[in-house]
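Trainee: One structure coming up, written as structure tokens, with questions to follow.
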């Protein structure tokens, strides 16, 4: 598929690289399961909100990376992020040893918070590694392998004799993954850090980026709210209900994506995920009403949530392949929304569990409220929403806009400058541009970026954005490169 071609400037690697990426994703999945089973379950009695606070801390980390990419990309450095990630994993392992040795709850909780931050940073550099895969099928294969490994190996977590050994392998695996991802993410992060801030690029190429208010992020919040509910609802010993069939089922879904060709596979997967989550949210209150303790709602919701996670990674990879500079903001905002949603869902699950012991009617009300909110947003707010269109709607960033030195375009060639001015004046008159729009039109035609226009005319970002939008609309173009091609 065209939208999953390798990002320009990032060289695809041999097949062994694919399996290394798959191993990294597997480590992320398995270590997350191990932390839930071993660590959060053990601190729940003394600090029940530890997991939710850690999840919100992860949301903050993702948001920080997204904001840096949008406003100060030069602060991004693959080596710095890698060292930071390694240090966090190392500190996690050391603090767990200290916590167990001296029975310190505060050290235990601090270690879990550091692991959350380390995982968030690892996810960021892992995303850049995915962009070096050659195809849609390879991305799906990486995700499938991660889920299969999580299904097969998570039961072994119970066989580890002590939390110290669990912490050691999580820290060691995390450090190894960070070293691998940091090396292969250098090119991608380097290109992003050498470019203009996304906020400036977006002014001249608004269709190359997803806005923070895009419906995608609301959808991520909703699905993760349901997943968070499934994690805590009916939990046993403060640990999530263990379910098995989803592991193989999610692999079948990924294989479908690999072998079944079509232009709207993403929307098919989204519909399937929504149906599963909806079924789980409806089964939960029925189980409470009949007094049965069953893992069926957890299985349905988590399977649907996992399908959505596969879809989300495909969207992130698809957006990154079309516009490398827009991937990190999408990744950061999406996973931040997901982390907040997971927290909201987990709190709802805890509330339902508490109400079951007291008044089951209140527990049913919690489940039905979640179900109603999910249905209302998806079937009313998302009837016209399309994941396929979301990916295809991201236009490739023009080379003029992507050039970090575009603001230094020289105008020493006066004859050429006169030709551009005359051509712009003629087109402006033909398409009914105002005098100010004509001035901005000429600036864009000369390769000036949004920041230069703001500073030159001493106008706000919103004013510059409005003028550029009007210019593009009247000229019927969608990017600065289209505009330059029109003038030439």
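Trainee: Please verify whether residue 334 is crowded, with 24+ Cβ neighbours inside 10 Å, modelled with pLDDT of 90 or more and either in contact with a strand residue (DSSP E or B) (Cβ under 9 Å, 6 or more places away or on another chain) or within 20 Å of residue 36 (Cβ to Cβ) (or both), treating the condition exactly as stated.
Mentor: no
Trainee: So if I check each of 86, 35, 97, which one is under 30 Å from residue 197 (Cβ atoms), surrounded by 15 or more Cβ atoms within 10 Å (Cβ to Cβ) and touching a helix residue (DSSP H, G or I) at 6+ places or on another chain (Cβ under 7 Å)?
Mentor: That would be 86, the only listed residue that is under 30 Å from residue 197 (Cβ atoms), surrounded by 15 or more Cβ atoms within 10 Å (Cβ to Cβ) and touching a helix residue (DSSP H, G or I) at 6+ places or on another chain (Cβ under 7 Å).
Trainee: Also, quick follow-up: Looking at the stretch 376-402, which of the residues that are assigned to a helix (DSSP H, G or I) and over 22 Å from residue 265 (Cα atoms) is modelled with the highest pLDDT?
Mentor: Looking at residues that are assigned to a helix (DSSP H, G or I) and over 22 Å from residue 265 (Cα atoms), I get 376.
Trainee: Give the residues of the stretch 39-72 that are in a loop (DSSP other than H, G, I, E, B) and touching a helix residue (DSSP H, G or I) at 6+ places or on another chain (Cβ under 7 Å), sorted by residue number.
Mentor: 46, 47
Trainee: What pairs come up if the first residue lies in the stretch 430-441 and is touching a residue at least 40 places away in the same chain (Cβ under 8 Å), the second is outside any helix (DSSP H, G or I) and surrounded by 14 or more Cβ atoms within 10 Å (Cβ to Cβ), and their beta carbons are under 7 Å apart, counting only those six or more places apart or on different chains?
Mentor: Between residues of the stretch 430-441 that are touching a residue at least 40 places away in the same chain (Cβ under 8 Å) and residues that are outside any helix (DSSP H, G or I) and surrounded by 14 or more Cβ atoms within 10 Å (Cβ to Cβ), the close pairs are 441/433.
Trainee: Report yes if some residue within the stretch 465-480 is more than 24 Å from residue 198 (Cβ to Cβ), at pLDDT 85 or above and surrounded by fewer than 16 Cβ atoms within 10 Å (Cβ to Cβ); otherwise report no.
Mentor: Yes, there is a match, as at least one residue in the stretch 465-480 is more than 24 Å from residue 198 (Cβ to Cβ), at pLDDT 85 or above and surrounded by fewer than 16 Cβ atoms within 10 Å (Cβ to Cβ).
Trainee: If you don't mind, another one. Here are 195, 176, 171, 120: which of them is modelled with pLDDT of 95 or more, more than 20 Å from the chain's Cα centre (by Cα) and either closer than 18 Å to residue 66 by Cβ or crowded, with 20+ Cβ neighbours inside 10 Å (or both)?
Mentor: 171
Residue-wise test of (1) touching a residue at least 12 places away in the same chain (Cβ under 8 Å); (2) assigned to a helix (DSSP H, G or I); (3) assigned by TED's automatic domain parsing to the domain that holds residue 79; (4) under 18 Å from residue 24 (Cα atoms).
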position	(1), (2), (3), (4)
106	no, yes, yes, no
114	yes, yes, yes, no
117	yes, yes, yes, yes
120	yes, yes, yes, yes
129	yes, yes, yes, yes
137	yes, yes, yes, yes
140	yes, yes, yes, yes
143	yes, yes, yes, yes
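The values are calculated or read from the model by the stated rules, or taken from the named source; none is laboratory data. Because the structure is predicted, anything quoted here is derived from the model rather than measured. As a convention, Cβ positions derive from the backbone with ideal geometry for all residues, glycine included, and neighbour counts pool all protein chains shown.
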